[in-house]
Amino acid sequence: MITIPKNNPRKREKSNIALIGFMYAGKTSVGKEVAGVLGKKFVDTDDIIEQIAHKSVSKIFEEEGEGRFREIEIEAVKKVSKIANSVISCGGGVVNNKVNIDRLKKSSYVVFLRVSAQAVFVRAQKDKKDRPLLHGADKKIRIKNLIEVREPLYTAYSDFVVDTTDSSVKEVANKIIAKFGAYNDSKSK
Ligand code: S3P
């Protein structure tokens, strides 16, 4: 656990933890666990996107395309970057636009939840929630290619990395809490 001096300005500046990483890395379940333990609010950028667009993520992709989805995602990240004392689960493509990371970093420690392509494929097979970017028969190749492109970005943009491939939600959450729990800003709750 990190000890922070009482007058450390970073404590006030950054009271959020933003989770980035590929689809099925476990951002939502880990984020909810971390938020619960630290008494922070849990926020998901996809939920904010759906509120802004008044339609589901799948419908945005289907009716307006990925380009429009990314524009709304920028708007959503701008909004969530202004809140405090929260755990923010970011859509896997948040790293596509660096402005998102620049904004998040002002209020958040950024944690990259790494996951193997094989684990993503297995988890995707079991899940009912639609991921428009994984449509099609060549799912395995799609996942591998996208991870290859994004992995260097997730790594470069994060303050801390946790591999979720063979770990439970609790194990991953505990690592994040051990690293950033001390930055909890109880005053902004
Ligand atoms: C996307 C990930 C999704 C969602 C959208 C696009 C991506 O969120 O934002 O389908 O580009 O990786 P999750 O990472 O929460 O599944």
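What follows draws every value from the coordinates through simple rules; no lab data is involved. Predicted, not measured: the structure shown is a model, and the values here were computed from it. We place every Cβ from the backbone using ideal geometry, glycine too, and count neighbours over all the protein chains shown.
Observations
- Segment 6-82 and segment 125-167 have Cα centres spaced 17 Å apart.
- Highest-MSF residue in the chain out of VAL172, VAL99, VAL80 [GNM, Cα springs under 10 Å]: VAL99
- For segment 83-143, chymotrypsin sites (Phe, Trp or Tyr not before Pro) are listed when DSSP marks them as loop and at most 13 other Cβ atoms sit within 10 Å of their Cβ; the list is empty.
- Principal axis dimensions, largest first and in whole angstrom, of the chain by Cα: 54, 35, 26
- Rounded FRET efficiency, nearest 0.05, which uses the C-beta distance separating PHE42 from ASN145 and R0 of 22 Å: 0.10
- When VAL162, VAL120 are arranged by Cβ crowding within 10 Å, least crowded first, meaning fewest neighbours, the order is VAL162, VAL120.
- Taken along its principal axes, the alpha carbon cloud of segment 55-146 reaches lengths of 39, 30, 22 Å, longest axis first.
- Residue pairs, from the table LYS105/LYS128; LYS78/LYS139; LYS40/LYS129; LYS139/LYS175; LYS82/LYS139, whose Cα atoms sit over 29 Å apart: LYS105/LYS128; LYS78/LYS139; LYS139/LYS175; LYS82/LYS139
- The chain: angle of helix 27-38 to the longest principal axis, Cα-based, in degrees nearest 10: 20 degrees
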